[in-house]
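Everything on this sheet refers to the single structure shown next.
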Amino acid sequence: MKSTALARIAVGVVVERRKAVSTWVDFLWRPVSVFVGSPSAAPWTPLAAEAETTLFFAGQAVIELHRTETTNYRNNLASGAPALWVVLQPIASERPYEILAVTADPAEGEAFTDAGNNLVEAVPMPPEIVEVVVRFIAEHHAERSFVKRQRRPAGPTHAGRGNGPENTE
């Protein structure tokens, strides 16, 4: 499938594993940050460990920026706390998750929560990515006016609607 993205940003994803206080699961996982670039480390390389928490480099992803989503990007930046949505998909292997997507579009990030097993978390957007998104919006944003759909009045061809000739006496 060919992408329509006009800009791409290579990023690395950092995930936290925390010891769970549960009889059903051993660990809780969550994305905690994204950084610009592509490190030479292999996916799922441990980065730091404390008592019951370990940080992992989960792997690389690409943020794609689309001309049609500039309003969503602008709203994200205007929120006061720009975020990226990291989507992890559980897999059946020695690794617990694979990176499905990283997006700057809040609507897309929320849409990923509809798929039941995905782990979706908003993380702070690094300043370098904020700069790229700001430039992208400046170059590609076009205001689109809202056009309300006009309803057509029901006529005689809409039998049973209450305002056709067959419903009058």
### Query
How far is helix 127-140 tilted off the main Cα axis of the chain, in degrees rounded to 10, range 0 to 90?
30 degrees
### Task
For region 54-135, just say rounded, prolate or oblate: build the C-alpha gyration tensor, square-root its eigenvalues into a ≥ b ≥ c, call rounded for a/c under 1.5, and beyond that prolate if a/b exceeds b/c, oblate if not.
prolate
### Task
Can you send over the carbon and sulfur percentage of the accessible area for the chain, probe radius 1.4 Å, protein chains only?
52 percent
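Taking a temperature of 20 °C and a viscosity of 1.002 mPa s, what whole-number D in µm²/s does Stokes-Einstein yield for the chain with Rh from Kirkwood over alpha carbon pairs?
On the way: Rh = 19.0 Å.
Answer, rounded: 113 µm²/s.
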### Message
Expected output is a single nm value to one decimal: the length gained when fully extending between ALA42 and TRP24, i.e. 0.36 nm times separation in residues minus the C-alpha distance. What is it?
### Response
3.5 nm
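The values are calculated or read from the model by the stated rules, or taken from the named source; none is laboratory data. Everything numeric here is computed off the predicted structure, so don't read it as measured data. Quick note on the areas: whole protein, heavy atoms, side chains included, nothing else; ligands and nucleic acids left out. Shrake-Rupley method; radii C 1.70, N 1.55, O 1.52, S 1.80 Å.
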